[in-house]
1. In square angstrom, rounded to the nearest 10, how much accessible surface does Leu143 have for a 1.4 Å probe?
2. With labels modelled as points extended 7 Å from the Cα through the Cβ direction, what inter-label distance (nm, one decimal) is found for Val167 paired with Leu94?
3. Whole-Hz ³J(HN,Hα) for each residue in the stretch 155-167, computed from phi via Karplus 6.51 cos²θ - 1.76 cosθ + 1.60 with θ = phi - 60°, x for glycine and proline: what do you get?
4. Could you give the length gained by full extension between Ala179 and Glu237, i.e. 0.36 nm per residue of separation minus their alpha carbon distance, to one decimal place?
5. From zero outward in steps of 5 Å, how is the percent of C-alpha pairs of the stretch 121-184 spread across the bins?
6. Give a residue-ordered list of calculated ³J(HN,Hα) values for the stretch 34-39 (Karplus: 6.51 cos²θ - 1.76 cosθ + 1.60, θ = phi - 60°; whole Hz; x for Gly, Pro).
7. Could you list which residues have their amide H under 5 Å from that of Leu230, counting only those 5 or more apart in sequence or on another chain, with H placed in the peptide plane?
8. Give a residue-ordered list of calculated ³J(HN,Hα) values for the stretch 52-58 (Karplus: 6.51 cos²θ - 1.76 cosθ + 1.60, θ = phi - 60°; whole Hz; x for Gly, Pro).
Amino acid sequence: MTLSTQVLAAAAETAGQVSGGEKWVFFLLAPLAVIGALGMVAARNAVHSALWLVLTMLSLGVFYIVQAGPFIGMVQIIVYTGAIMMLFLFVLMLVGRDASDSVIETLRGQKVVAVLLGLGLAGLLGTGVYQATRDMPVVGLELANANGNVQGIASLLFTRYVYVFEVTSALLITAAVGAMLLAHRERAKGERVGQVAAMKARFEPGNYPGPKPGPGVFANSTSVATPAKLPDGTPAERSISPILPTRELTSAEIANKHTEGK
């Protein structure tokens, strides 16, 4: 029996056979994946949008594992969801993106153009996938995973799809460089502050060149939101980071400590 005959025989046996557990996983996670994708697009807050995308990526990772692809499923969860998306989320939270930032258009009509181009790209990709897989027989993953899932992916990635892999890597590098160029802010020559000017500004009258007191020092609380106390008992507002919310102190925390030296 030739290899093509074996493939067709395996296709006839596996086509239309889906286990009950696979059906339940699909019916439970498919709506969550769609809801996460819609929430990512519809969310007005960038942090919320990233969290919705995390939900979709987690669902996709479980789909890969159920479809006999444990390596790509774990990569989807660990690398994309656990590393890349968490990095995006932390950057967004540190930068402090506001909901009002998303309604400001630097280019007039860019949202309409983006929607039209997105729909056109989705239609183009859908048509291409349909034309490429219309007459393809369903064979399952037994032959592809015969020597192991990782070995099967490596064999296909670096032999049959090596050019697609290289083009994708070049596209990702181009996108990263483009993002850096868009985020870079040019400064005029007069806006650049040299080391000598920065040193003089630091020691100008009215500034405090010394180190700031740590939060919670000489206070009844070790919270980072509790201001340190100066030797005269007044709170040192400079000890609290400006990004922290103002914390309401109790009377015990406001009161001075009565310590006696021995």
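The values are calculated or read from the model by the stated rules, or taken from the named source; none is laboratory data. The structure presented is a predicted model; accordingly, all values stated were derived computationally and were not measured. Note that we place each Cβ from the backbone using ideal geometry, even for glycine, and neighbour counts take in every protein chain shown. Surface areas here come from the heavy atoms of the whole protein model, side chains and all, with no ligands, DNA or RNA. Shrake-Rupley method; radii C 1.70, N 1.55, O 1.52, S 1.80 Å.
1. 100
2. 3.6
3. Using θ = phi - 60°, the values come out as 5, 6, 5, 9, 10, 6, 10, 5, 5, 5, 4, 5, 5 Hz.
4. Working: separation 58, 0.36 × 58 = 20.88 nm, distance 3.74 nm.
My answer for the length gained is 17.1 nm.
5. For the stretch 121-184, the binned pair fractions read 3, 14, 10, 17, 21, 15, 9, 6, 3, 2 percent.
6. Computed from phi, the couplings for the stretch 34-39 are 5, 5, x, 5, 5, x Hz.
7. Under 5 Å from the amide H of Leu230: Ala236.
8. Values, residue by residue: 4, 5, 4, 4, 5, 5, 4 Hz.
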